[in-house]
Structure formats: structure tokens, C-alpha cells
Amino acid sequence: MIVRFPDILRPFKRKLVWRKDSSLKVIYLTFDDGPVPEVTPQVLDILENWKIKATFFCVGENVEKYPEVYSKILQTGHKTGNHTFNHLKGFTVSSVKYKENAEKASQLIVSELFRPPHGQISYRLLRILKSQFKIIMWDLLTRDYDKTILPKTILKNIKRYSRNGSIVVFHDSLKAKDNVLDVLPLAIEFWKNEGYEFGIL
């Protein structure tokens, strides 16, 4: 179960953003795959309770379906990023189709930030996209979308792998609903108790 890719194995390390400044005790919360009305508003409420801002990497077709939820993300002071229009896997479609799909999402999601779904990005895709986007990966993947992983295990991994500058991935999706809503408040409480502040990408 990969929660953090070893630094030495991170492909294109200098061209992708995996982690922010390691000298600062700051966590960067990110949420992928939304927005959806069953989960995103509840995530926003949790963040509001703690006065924390985050970055939401949104799927274009969800933004199109639920524009009011997407608007609420922006209205409450959070940042958004592009996660393609159809949540494409970069290793299974042509570079041309992938670029077109990302640009279609950009018509709805105005952002310089991009995160490839499933973390799949080839060197060719990187060359194509880097002129338009800052490509954001992650330092800590919670795997909250995996229904076989219990919340206590996710929280244990968060406590073990969090570090200065960590970009942390949660998901505001239906698959992740139970885990993210259970774990997020506990994780925030842990980070607060450890003296972390929260930044926005």
C-alpha cells in the first residue's frame, strides 16, 4: 500500500510539485474528484469549523453537473485545480485526447493548477501540459477512496507520514465519503496538536 512515493523514486521530481517548503511546519490539504453534493458541502463545513482553506482538484463533468457546489468552493475562499473533464488515466489514452480533455475542463475550472488522475503522467504529457499548468502531485496519499481500509488505519498513516510541507490528498467523492468525513476532523485535530499550520497551493 503506497502512501508516500519514496523521494528517490519520484519521476520528473524537479518538474512536478510533490511537497512544499520542508523548512516550514505547514500542511497543504487537497481534495480530488469532486465536487459532488453528497460529500463536498460536508467537507467544506469541516474546513470552515477549523478555519482552514484547501485546494480542490475538480473533475470537469462534476463541475458541469453541480455548478452550485463548485461555486460554493470558490465563495468560501478555497482554491480549485483541474483534474481533467472525465477523470482520465494518462497511461490509457492518447496525449492529444488527454490534452483536449484537460482543456475542456479548463473552460469550467479557471486555474493554473493541474493534478493528473491516478497520478498517471508520462514525460510526453508533462511536456505538453507544463506550459499551461503547474502540475501538483502529493507527498501523502490517504487512500480514503479504498473501502477496505478502515478510518483508524488511514489516521495511523497520516500520523506516521505527515511532515513539513506535505501535500495531502483526500477525496470529496462518493467512494471516499465515509472515510473522508470520519478521518478529516481527526486528522486536522492531530495536525493542530502537532503545531502544524495550513497552507493553500
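Readers should treat all values here as calculations from the given coordinates under stated rules, not as data from a laboratory. Just so it is clear, the structure is predicted and the values come from calculations on it, not from any experiment. A quick note on method: Cβ atoms are made from the backbone with ideal geometry, for glycine too, and the neighbour counts reach across all protein chains shown.
List the lysines whose Cα sits under 22 Å from the Cα of Lys104, skipping any in the same chain fewer than 8 residues away.
Lys65, Lys72, Lys79, Lys89, Lys130, Lys134
Give me the distance between the Cα centres of the range 170-201 and the range 108-140, rounded to whole Å.
So the separation of the two Cα centres works out to 23 Å.
Using only alpha carbons, build the gyration tensor for the chain and give me the equivalent ellipsoid semi-axes, biggest first, whole Å.
Each semi-axis is √(5λ); the values are 25, 20, 16 Å.
By count of other Cβ within 10 Å, fewest leading, how are Leu16, Leu184, Leu141 ordered?
Lowest count first: Leu16, Leu141, Leu184.
If packing is taken as the mean number of other Cβ atoms within 10 Å per residue, what is the order of 30-43, 91-104, highest first?
The packing order, highest mean first, is 30-43, 91-104.
Please report Arg160, Arg143 as a ranked list, fewest other C-beta atoms within 10 angstrom at the top and most at the bottom.
Arg160, Arg143
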